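The next block holds one structure in the form of structure tokens; read it before the comments.
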Amino acid sequence: MSLRRWIGSNATYARKLANSGWEGASQGREEFLDGERLTPFITDSVTKALKPATAGVCLGLASAYLTRTRKPAARVLAFGMLGGAIGFGAGLLWKTRHLTVGAARGAIKKTGPVRDERWFEKNPIAYG
């Protein structure tokens, strides 16, 4: 197989795999939302993620304050912002975990047949 043909074959497979994964993730998202809109769900999740973000800011400020004898204000603020970002990210991931699982499950379900088809192309089974 020439390099050009191999690249073309793999590019076609990658495009097919990505499209089926995207389609499956979209279906999984729709199944999870059950006819509801995505925007209110995300807005609610962001609002609920503010509590862990606040806790992260407090922990970041406290850790910056307790770790050094000289505490430059920039360092204390940086630790507070880092703690807030980590807390917000963790809170948002936790609140949207069911949506993420639904999308991932749908993507896996849709990419399986594409992967199987590719495998059978590469490994033909001779019956008889």
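Quick notes on this one:
- Any chance GLY87 is closer than 30 Å to THR39 by Cβ, over 22 Å from the mean Cα position of the chain (by Cα) and of a type outside the set (A, V, I, L, M, F, W, C): no
- Residue list for the range 96-128, restricted to those being of a type in the set (A, V, I, L, M) and surrounded by 11 or more Cβ atoms within 10 Å (Cβ to Cβ): LEU99, VAL101, ALA103, ALA104, ALA107, ILE108, VAL114
- Residues located in the range 1-23, provided they are surrounded by 13 or more Cβ atoms within 10 Å (Cβ to Cβ) and modelled with pLDDT under 90: SER9
- Filter pass, SER26 being in contact with a helix residue (DSSP H, G or I) (Cβ under 6 Å, 6 or more places away or on another chain), part of a helix (DSSP H, G or I), touching a residue at least 24 places away in the same chain (Cβ under 8 Å) and surrounded by 12 or more Cβ atoms within 10 Å (Cβ to Cβ): no
- Here SER63 fulfils each of the conditions (1) surrounded by 14 or more Cβ atoms within 10 Å (Cβ to Cβ); (2) at pLDDT below 95; (3) of a type in the set (S, T, N, Q); (4) within 29 Å of GLY8 (Cα to Cα) apart from (4).
- In the range 29-60, the residues that are of a type in the set (Ser, Thr, Tyr) and surrounded by 13 or more Cβ atoms within 10 Å (Cβ to Cβ): SER45, THR54
- Matching entry among SER45, SER26 (being more than 18 Å from LYS95 (Cβ to Cβ) and of a type in the set (Gly, Ala, Ser)): SER26
- Flag if PHE79 is under 30 Å from ASP116 (Cβ atoms) and surrounded by 13 or more Cβ atoms within 10 Å (Cβ to Cβ): no
- Single match in THR43, THR54 (criterion: under 30 Å from GLY106 (Cα atoms) and in a helix (DSSP H, G or I)): THR43
- Sole residue being over 30 Å from ASP116 (Cα atoms), of a type outside the set (Val, Ile, Thr) and in a helix (DSSP H, G or I), chosen from LEU17, LEU59: LEU59
The values are calculated or read from the model by the stated rules, or taken from the named source; none is laboratory data. The structure displayed is predicted, hence computed values, not measured ones. No Cβ is skipped: glycine too gets one built from the backbone with ideal geometry, and neighbour counts run over all protein chains shown.
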